[in-house]
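Data first, discussion second: the structure below is written as structure tokens.
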């Protein structure tokens with residue numbers, strides 16, 4: 001079902017989404033994106049440059065939050081603008097569980113042009129990983 005503008009108001013909350021992230025996901029994302037930087041798959045390299053372990057691609061983390069918004073609208077084409085600042089990396093341990101990225105969102109404003117600003121909070125391991133994460137959606 002596609003979300004309609006009449007269904008939202010300032011303060012409307014998106015359903016919380018939690019996405020598992022494993023090392024296998026990072027390898028698949030590297031293949032799709034062409035970003036084979038070894039900090040995203042090789043623990044030795046990651047720790048040698050001062051990271052605690054392998055980290056998820058920032059754009060992969062950003063994509064998960066974008067997915068939460070487009071799933072909420074029911075229409076991927078409704079997402080017309082999206083901005084984040086990368087705050088902290090998502091550390092992905094080499095185990096079956098991996099990491100979890102949790103996305104929460106709330107309608108922050110109804111815009112004069114009919115858009116809806118969605119303010120996002122994106123965390124992993126209890127830490128905010130994306131800052132100033134905001135999406136603009138256009139709803140029918």
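Nothing in this text is a laboratory measurement; each read-out follows from the coordinates by a stated rule. All values reported here derive from a predicted model rather than from experimental measurement. Here Cβ is always computed from backbone atoms with ideal geometry, including for glycine, and neighbour counts include all displayed protein chains.
The figures follow:
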read-out: Checklist (1) loosely packed, with under 12 Cβ neighbours inside 10 Å; (2) within 20 Å of the chain's Cα centre (by Cα); (3) in a helix (DSSP H, G or I) applied to residue 15, failing item; value: (3)
read-out: Conditions (1) within 30 Å of residue 113 (Cβ to Cβ); (2) buried (at least 18 other Cβ atoms within 10 Å of the Cβ); (3) without any contact (Cβ under 8 Å) to a residue 12 or more places away in the chain: number failed by residue 82; value: (3)
read-out: Any hit, the stretch 59-70, residues being touching a helix residue (DSSP H, G or I) at 6+ places or on another chain (Cβ under 8 Å) and in a strand (DSSP E or B); value: no
